[in-house]
Amino acid sequence: MNKRKKFGQHFLTSTSIAKFIVNESKITKNDLVYEIGIGKGVLVPLLCRYAKHVITTEIDKKLYDDAIRNFSKLPNLTINKGDGFKNEPEFDIFVSNLPYSKSRIAIQWLLQKKFSLAMIMVQRDFAEKLLTNSMKERRAISVLSQYGFDMKIIKKVKNTNFSPQPKVDSVVLKITRNQIVTKELIETINKLFSYRRKTIQNIVKNFGITIKSDSRLEDMNNNEIIKLAKKISSV
């Protein structure tokens, strides 16, 4: 299997979709823009046209070398090699066509960052999981993202707009920040959901506290889960 396809790496090939993403980002000459995964570079020239400065980080050596060769003359572009989620640049706007396998990592990383707007391309099913109102279908990432962000699907993108072509469609997700979420709270909620089939009183025993309740996580709304997680984190 192709290595990039195995890890969910599908490159956006549509210039019209790229223009839509950049236009909807409302980038100005005061904005610092951060991109993770330059891919084939369909977004970079457009981002640089409007932004004060663009930082893009690419982990793949060949893609990084191609980016240096093709885009290094852009005066307001910095191209870094490495894991973009381990870099700590300050930015106003985050834009990325994420590999599907990195979507969850990206959301948890973004929850801990200060920014004004994020525009990300994700698998449609993943976006629906983030936005779900179903207590049975939601997961830890649903609760966390709905607590930390305001999110909206602003465009559906057919799989024919990528190479190699994935089996599923994608969406452009527009995200604004409600509040920064701590790493500790993220870890606590993830751990809570690893016990989601148990009752609350049995779950909290794993955290060294006592609560008498036969309810399960699926019986609680998001605010109640956040409140429980904060109580656990404070112990």
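Here are the numbers:
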{"quantity": "Contact order relative to length of the range 150-222, as percent, for alpha carbon pairs under 8 angstrom and 6 or more apart", "calculated": "22 percent"}
{"quantity": "Around GLU224: net Lys/Arg minus Asp/Glu count, Cβ-Cβ under 12 Å", "calculated": "+2"}
{"quantity": "Debye, to nearest 20: dipole size of the range 1-128, +1 on Lys, Arg Cβ, -1 on Asp, Glu Cβ", "calculated": "340 debye"}
{"quantity": "Local electrostatic count, ILE153, Cβ distance below 15 Å [Lys/Arg +1, Asp/Glu -1]", "calculated": "+2"}
{"quantity": "Estimated distance in nm for a label pair at LEU131 and ASN178, the labels positioned 7 Å out from Cα along Cα-to-Cβ", "calculated": "1.6 nm"}
{"quantity": "Dipole magnitude (debye, nearest 20) for the chain, charges at Cβ of Lys, Arg, Asp, Glu", "calculated": "440 debye"}
{"quantity": "Lys, Arg +1 and Asp, Glu -1 on Cβ, resulting dipole of the range 71-176 about Cα centre, debye, nearest 20", "calculated": "260 debye"}
{"quantity": "Added length on full extension, which subtracts the Cα-Cα distance from 0.36 nm per residue, LYS114 to SER16", "calculated": "32.4 nm"}
{"quantity": "Mean-position separation - Cα centroids, the range 50-73 and the range 195-224, in angstrom", "calculated": "46 Å"}
{"quantity": "Charge context of PRO89, other residues only, Cβ under 12 angstrom, K/R +1, D/E -1", "calculated": "-1"}
{"quantity": "Rough spin-label spacing in nm, given labels placed 7 Å along Cα→Cβ, for LYS40 and LYS231", "calculated": "5.3 nm"}
{"quantity": "Euclidean distance of C-alpha centroids, the range 111-153 and the range 76-102, integer Å", "calculated": "19 Å"}
{"quantity": "DSSP-defined antiparallel bridges as percent of all bridges, the chain, nearest 5", "calculated": "45 percent"}
{"quantity": "Highest average packing first - 59-65, 42-48, Cβ atoms within 10 Å", "calculated": "42-48, 59-65"}
{"quantity": "5 angstrom amide H check on PHE11, placed H, neighbours 5+ away", "calculated": "SER163"}
{"quantity": "Contact order relative to length of the chain, as percent, for alpha carbon pairs under 8 angstrom and 6 or more apart", "calculated": "17 percent"}
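Any read-out appearing in this document is the output of simple, stated calculations on the displayed coordinates, not a laboratory observation. Treat the numbers as computed from the prediction; the structure is a model and nothing was measured. All Cβ positions, even for glycine, are placed from backbone atoms using ideal geometry, and neighbour counts span all protein chains on display.
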